[in-house]
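Coordinate-derived values only; no laboratory data. These figures come from a predicted structure and were not determined experimentally. Note that we place each Cβ from the backbone using ideal geometry, even for glycine, and neighbour counts take in every protein chain shown.
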């Protein structure tokens, strides 16, 4: 009866695997191996996460006191715009699908690679190009329109905004190609015997995410094209004086951007659905319900974007429709959260770091989800929107949800990716810093937001000082937690003990091959004969 | 470096007491709004305890050392149906309650006093039915419905009055409206909550709710003697913007400093720059005391009278190369404000 | 669904020897199904169909089926699209999966339009004041007077009343270009009583065009596109009647502005309401529109009346009754100010209050300070307002 | 590692696919998903068209009369023919008749050039008349007095412009396929790229089938 403590003997270091398959930078830069592309995405995403995080710290320091603390209004506006744009377009959208998804999905399906390996590499280079083009805007005076680029302000902003728009346009294609690749991979390359009801929930989540990526991102592409033309040649489609409608831009923008927040959260839910059963040593509760609610969320994602326009001058009828549709998003999300908690019942819980992050995810995502219900109700939204309440809500859902699951996922698949184990003790401590720091940073923002502090304010009323200072204090703890995590994960690369094929004794296919996995993932094409969560062998008396 | 600022501004405990979580209830609807809000807070607290408390309990109760072997459970249709139906019913109930509050928030009574609001980059202008125009201060009578008809001159702004729980974007090229019936006299803080550029966080204004007789005196055009206190947040003014990053850090004296703020709020910055950069109107840096060449070829010494005349009757003397489109600011500025602006222009060496 | 898999094989037991896996693995599509080659005959038939449908859609578009035109064109286009997708792209012979994928794209485009429409086409609560929609009220009045371009006494009379409300603030009461707001304008508004100086021309069509498109370059002459077509013709004739010797139109002049004099088809443009007009309607105080009749102006022979008429009348109206809309030039998109009746204000309380109000102007309003009056002038005007003589 | 080197004898399917058919059906499905993204992108423009037509119906009916229906019709015929010849090219490649396939692809390429020439004539006519998008609209024709008329031409130029861009990309793809056909890379066993480029071209024609009535006929 295998428990997690006993490590199966590590693969001899001399073994042939994807890391030493080709030598030198060129073999990495021109690789078609989904695992290497996943690792390249991982390092790029983490670098941008560091940049975005430092910008966030700069914002928190500035808001330590009302008035000018370290920068003035123009710089502050550029900093929060860059923080928003980097975190949304370059970190949190590709984070789980492109890095962990690229690495793990083919292995979970028992396939040798994604359907279109060259397209996969092209998607990485398109992502890098988009990022570089977006960041060249800094040479042209930067962008201070906020990551939402609302017209007419963005249509009259400096030339820098055109670079960010083109950058986001290009990066959007990387997201489309990843989505396309995953859909065809899941359709065509599943292992033999892996019917739809034997697909791990991480694959279901990535499948739903890919559908959103493929259906929503093109509308962002056309929106950005129209905005660039509006900015450069004044075609008047979003300009009231020429007959256009600034609110139409908000419709176009949010038709993509709301499904985009589900591109961020669905893979995170997939990771949690993988981690909790493994560390409870029992099947996931309500597998079908969770799989179908991924699709429920993916469909509802396209029906609810209007709740971003409740106070923007939208008609009363539209407010009614969008508010009614938005409250129903809470139902499939609720099903998932209740199912995860129910999985713990009568389990055998191992408090390893991935499990800690999963439990942390549940705590933060529950707060994020519940405050989402506040914002779904029109009358409550009127007072709370565009205040720090909304900032707290979406950080709870995005950082508390997606990035906690991303960190948990990195820890969960760290042995498979690197073949080594990270230091468990420092992992637990770092988690405590992260969870305490996060709550201290963002919970005060709910209160200060309800009291009426607007968002994107460089200078605020002195009444809000204390809560802002608490929040800044918390952000330092959060920074410490993440930096410490990066440190011990980096140290683990060299000094971590060898992990062996399946340190967590998971049943999904990626753990049934050596780690780090060989170039073609599996020596022999695996045949799936059972459900990936059938932890029954070790449970029967 | 930020430590010094902390001492400078200090941890002021806010003079005016604000309730723990919500701003003042400035209207009846704000009270009804708070009821729904507090109900939602309670409901969320309950579900938080249920989910996260349950999670912690289960994780602790079934920890590995305490239950080495898990039980093989895959699903339970009854339970799953329950936690789908109950949230749906609760949500629809909340939606209906929320919508009923919303309909009250948007349907203005027929006899509401209409005030025309123009939002522009970084100030609010209110125009009453008799043509009177005030900048940054909206005077309204207490216990009487007021309807604001708003439009923007440049980008999207947003009128947010926390004490009335009201927010509505102000969009160029179309009209949006909000209405309220204030029940508490005093100054209520107005914020701009749609990002609109550098001065977004300084684009503040105040709803000044007057008692009936104060309102009559004001409507007849007289000054109100009594000083009107702040109701709820906004009591302590935001720290004044020191020299902006671009301008030199010139130490401005009292009147000129006040003039600098007025230069912003009276929208001079819309057409005139104070740092020499070209805008719609001539830059006012280094104008005072020098010769100014006029459109009709003559030139004149720029002294106080020239500045005053250009403010009150701008088309009298047009600077060479500029359009005669400056509107008259006569009546828009009191005497002291005029002096403050002129002394600020004089300080622009 | 409780897995009743009884096989005790370890879940992913690697079956020995299944190196490349049997050919017909479950998730591969049905062998050669998708290798369908479209025979040339079918291709040509489909192509023929497409060409015929194209011709039909062009022909039917020229028939005026009213509201049916659009759905019919879309129906034909959809048939053509289906032909291309089903046969040219061989979706008919393809797997059901691909059909579902491609169809889902159109479903989400429909969702996008379906949920934007409730906002875009149902806005307008602002325009609906106490149930009566402003826009509809104006558009209903789009009546056209046949042969509007030929002057008739009724048109001139109608033009006079419109002139009083719309034009007198700048062009002055008698059209001399000396209105109250003219003080702030450079170049000065046109003086209609003279023949010279008309930038666009005095022919009816030219005045009509000026009213419609304004004079580019002059900051003050706004576009009166919001006036209904009949009002514009009335104004044209009133303005031309202010001075003799106005040249008449030729047919080419009329054609230039899109009017065919032969068949009396007046230019049909659905009147749209300009932002100004809507704003003016809403913020208009219950002002009495003063019907200005020239007659009682001449009778007031006293000095006060003459002074009042020359510099106060255009804003303060008939003997200080007010109600005149004055355009506040300082605000964009322009706001209109309605003057209050003088006796309601405290300026009339006493002579020196009146003097102070006239000399220094009224803070917060658009009343300019008029320092040019002597004390006697002020006394005369005050008497005229008080006594009407 | 990448696909085995392509030999004239025939194409070896990539190592992670079970068979050539498996790879081909995956590639085709990938193409259909790509076409979904194209439908969504161009769909955004059609939604904008529908909204503004709903807001300003009279302006649209007045402004669309200024589009040249004859040129539009010629373009429609050209694209439909090119769709036919592309289909013939693909089916010949499927049958292995490379020379015939090359001929048809060449005709398709010429049709594409014809389309762009007609498009150039239309655009230069619009530029000459000042019927330009948004703020650049300088036409003073009294029939176009509606203040929002520039919006119609904004939509016209955006929709037909992006479509023309897709035609140019299509021409590049057809040239690439013709080069590979000439080198004899395709055979009845392997013609995936030809069929996929065919899909792309039929889609470009599909978009024009809707653009033509919407802009030129009913307006």
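Some observations on this one:
- Dividing the summed -39500 (n - 2.57) terms of all DSSP H runs of n ≥ 4 by the residue count of chain B sets its mean residue ellipticity at 222 nm at -10000 deg cm²/dmol.
- Summary of the geometry: the range A:160-236 and the range D:32-88, compared by the centres of their Cα atoms, lie 24 Å apart.
- Ranked list, fewest to most other Cβ atoms within 10 Å of each Cβ, for B:61, A:68, B:165: B:61, A:68, B:165
- Among A:440, C:378, the ranking by other beta carbons within 10 Å of each residue's beta carbon, starting with the fewest, stands as A:440, C:378.
- If you wrap the Cα atoms of the range A:31-101 in a convex hull and average its projected area over all directions, you get 5.0 nm².
- 10 Å Cβ neighbours from other chains, averaged over peptide A:167-178: 1
- Taking a ≥ b ≥ c as the square roots of the eigenvalues of the Cα gyration tensor, chain A is classed as prolate, since a/c reaches at least 1.5 and a/b is larger than b/c.
- Here, the range A:93-191 has an Rg and a Dmax of 16.8, 53 Å when only alpha carbons are counted.
- Using the Cβ-Cβ distance between residue C:386 and residue B:300 with R0 set to 45 Å, the FRET efficiency from 1/(1 + (r/R0)^6) comes to roughly 0.60.
- A compact globular protein would have a Cα radius of gyration near 2.2 N^0.38 Å; the ratio found for the range D:81-187 is 1.49.
- Theoretical ellipticity at 222 nm over chain A - DSSP helices of four or more residues, -39500 (n - 2.57) apiece, nearest 500: -20500 deg cm²/dmol
- Taking every alpha-carbon pair within the range A:388-541, the share separated by more than 26 Å comes to 47 percent.
- Peptide-level mean, for D:52-58, of C-beta atoms on other protein chains within 10 Å: 4
- Evaluated at q = 0.17 Å⁻¹: base-10 log I(q)/I(0), Debye formula over Cα of the range D:20-218: -1.07
- Size descriptor for the range A:216-339, Kirkwood hydrodynamic radius: 16.6 Å (Cα pairs only, one decimal).
- Alpha-carbon radius of gyration plus Dmax, which is the widest Cα pair, for the range A:166-272 in Å: 17.6, 61
- Taken over the C-alpha atoms, the range A:1-141 has Rg and Dmax values of 20.2, 63 angstrom.
- Beyond 37 Å, the tail of the calculated P(r) for chain B holds 39 percent of the Cα pairs.
- Degrees separating the helix D:192-211 axis from the principal Cα axis of chain D, which is the longest one: 10 degrees
- Antiparallel content of DSSP bridges confined to chain B, in %, to 5: 65 percent
- Look at the stretch A:401-411: the mean tally of other chain Cβ atoms within 10 Å of its residues' Cβ atoms is 0.
- Peptides C:107-113, A:447-453 ranked from most to least packed by the mean count of surrounding Cβ atoms within 10 Å: A:447-453, C:107-113.
- Which of D:23, B:309 has the fewest Cβ neighbours within 10 Å, and the rest in rising order: B:309, D:23
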